Amino acid sequence: MIVKIHGNQEASSIIEKCQEQLKPRYATFSKAKTVPWLDSCSVDIEEIYTPLHWVRDERKPSGVTQEELGDYTDMFIGNRYHPKPTRMLVYGRPGIGKSTFCKRAACDWSKSLQEILMNFYILLLIKLRDVCDMENIRDVLRASKLLAGDGLVSVDSFYHYIINNQDKVLPILDVYDEYSCAKEHSHILEICKGELLRDSHVIVTTRQIKCDELRSLSHVLFEIHGFKSWKQIKTFARKFLTSEQDVSEFKTYLQEKALKGMAEIPLLLLILCLVWIERRHEEMPTSRADIYTSFIQTMLNHRIKRDAKSEPFKKLTSEEIRKDVSNTGKLAFDALLQGSLFMRLS
């Protein structure tokens, strides 16, 4: 059965059937890893999500000022130049929580947890790295696999609904910096420029390195600063550490080793927590290099424990791990020189 649009009744049917597929999908896949290298160690986003520090960029002749947001939903509030912004850019450092925010927004929409998101009948969460080679919006919808291939709504019907009801659709385009196949006439770029889906509210996330490409195309800009307060850091750490004493000792360690700047980034704070759990009765690393070395050893230890019968890993020395980190760093640097912000390792 293929649903086609011939009027309000058919459009309502499209909405209902799309929501029946999208909401459970977002509720199911909006998860976060508690161990970065294991897909099996994932929990619902609500179990781990900790509100981040957001600021709104305001550009003036005297420079850029930043105003703190109370909640991420404040991004829909415009300014005097764009009272109803439809192009919203979110940027931040790697690991700061941009993709986690996207998952949280999709989860909030699927469960009707944020009133402002209920203004949108359809939320499209699209990872741009997965649609690099797509020629048009229809292909993007197919590649993103938001709808079931054997579902009751065809991609063509879905596409026509989006085009004809743009103000009721919220596309979230995640990781623009990994959209390495960007072309001059890419439909994704045309959406960012407002040449397509002009009446849709569009959220784009990117690392700082690609921010300037989109700055002039955006109505409002926001930066995620991560965990700026000790309260936020402790709230996140409590999700992994077992007691208040453990949390207090962990905070003292971060303070004594001047690691607060590192702990502001959620991904790095997760690494610090995992290293702390693994080595809580041993001497903790004091430098970033030592922390990353300990993290890799922790990762290998977990793999060995998980598959004790096989012998794919051996106990590595610190020097061997440092060499591996150095080799990986070289690969990452070479990828960066080639304009790629991610790489696949086997």
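The single condition among (1) surrounded by fewer than 16 Cβ atoms within 10 Å (Cβ to Cβ); (2) in contact with a Phe, Trp or Tyr (Cβ under 9 Å, 6 or more places away or on another chain); (3) free of Cβ contacts under 8 Å to residues at least 40 places away in the same chain that Ser180 does not meet is (3). Against the conditions (1) under 20 Å from Ile162 (Cα atoms); (2) without any contact (Cβ under 8 Å) to a residue 40 or more places away in the chain, Leu128 satisfies every one except (2).
Report whether or not His187 is surrounded by 15 or more Cβ atoms within 10 Å (Cβ to Cβ) and modelled with pLDDT of 95 or more. In short, no.
Listed here are the residues, each with its yes/no results for (1) among the acidic types (Asp, Glu); (2) at pLDDT 75 or above; (3) farther than 29 Å from Asp130 by Cα.
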| position | (1), (2), (3) |
| --- | --- |
| Asp290 | yes, yes, yes |
| Ile321 | no, no, yes |
| Val325 | no, no, no |
| Leu331 | no, yes, no |
| Leu341 | no, no, no |
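In segment 260-274, how many are buried (at least 21 other Cβ atoms within 10 Å of the Cβ) and without any contact (Cβ under 8 Å) to a residue 24 or more places away in the chain? Residues in segment 260-274 being buried (at least 21 other Cβ atoms within 10 Å of the Cβ) and without any contact (Cβ under 8 Å) to a residue 24 or more places away in the chain: 1 in total. For segment 29-53, the candidate set comprises residues that are under 14 Å from the mean Cα position of the chain (by Cα) and farther than 15 Å from Leu274 by Cβ; within that set, the residue that is surrounded by the fewest Cβ atoms within 10 Å (Cβ to Cβ) is Phe29. Assigned by the TED database to the domain that holds Gln208, part of a strand (DSSP E or B) and either in contact with a His (Cβ under 8 Å, 6 or more places away or on another chain) or surrounded by fewer than 21 Cβ atoms within 10 Å (Cβ to Cβ) (or both): does that describe Leu147? Spelling it out, it is not the case that Leu147 is assigned by the TED database to the domain that holds Gln208, part of a strand (DSSP E or B) and either in contact with a His (Cβ under 8 Å, 6 or more places away or on another chain) or surrounded by fewer than 21 Cβ atoms within 10 Å (Cβ to Cβ) (or both). Kindly check whether there is at least one residue in segment 94-102 that is under 19 Å from the mean Cα position of the chain (by Cα), under 26 Å from Lys17 (Cβ atoms) and not acidic (Asp, Glu). Yes, segment 94-102 contains at least one residue that is under 19 Å from the mean Cα position of the chain (by Cα), under 26 Å from Lys17 (Cβ atoms) and not acidic (Asp, Glu).
The values are calculated or read from the model by the stated rules, or taken from the named source; none is laboratory data. Predicted, not measured: the structure shown is a model, and the values here were computed from it. For neighbour counting, all protein chains shown are included, and Cβ atoms are generated from backbone atoms with ideal geometry for every residue, glycine included.
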